[in-house]
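> Can you read through this structure? Questions will come right after.
The values are calculated or read from the model by the stated rules, or taken from the named source; none is laboratory data. As the structure is a computational prediction, the values presented were derived from the model and not from experiment. Cβ: placed from backbone, ideal geometry, glycine included. Neighbour counts: every protein chain shown.
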Amino acid sequence: MVRSLHVLYLMILTPPRKTPWRLSAPQKARQRKRLKLVDKVVDTVSAALQKNGGMSTKAVERWYREMPREEEMLPKDKYTIFDRKEKKYRKGIHSKCSDDVARRHANGCHRIA
């Protein structure tokens, strides 16, 4: 009971942490690597479906139609995400705080949304 009151106290009184407006070079490199891995997975699934009797799925076709590859993306799209609550509708991808209540305490963020 005492511990839960302490956590509640911290959640209320701890100011929200700010998201850095600029990513470091290693953070950008890791993000590009993650995006390339996503492209590779989609290519692998598509190739496996083609190899398995020339099949395809609507999801894979839609992905190729709508989603740009990592090389085609603008830096704004690589390193920020849309958030309707933000002032300019974009926020950094390396946010310290998560909107998921279960992960707040584990990430060290005690902000109440």
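> The conditions are (1) aliphatic (A, V, I, L, M); (2) modelled with pLDDT of 90 or more; (3) within 16 Å of the chain's Cα centre (by Cα), and Ala48 fails exactly one of them. Which is it?
(3)
> Something else: Mind listing just one residue for me: the one in the stretch 45-75 that is hydrophobic (A, V, I, L, M, F, W, C) and in a helix (DSSP H, G or I) and, of those, nearest to Arg22 (Cα to Cα)?
Trp63
> In addition: For Lys87, are the conditions met, namely being within 27 Å of Arg22 (Cα to Cα), modelled with pLDDT of 85 or more and either assigned to a loop (DSSP other than H, G, I, E, B) or touching a Leu at 6+ places or on another chain (Cβ under 8 Å) (or both)?
yes
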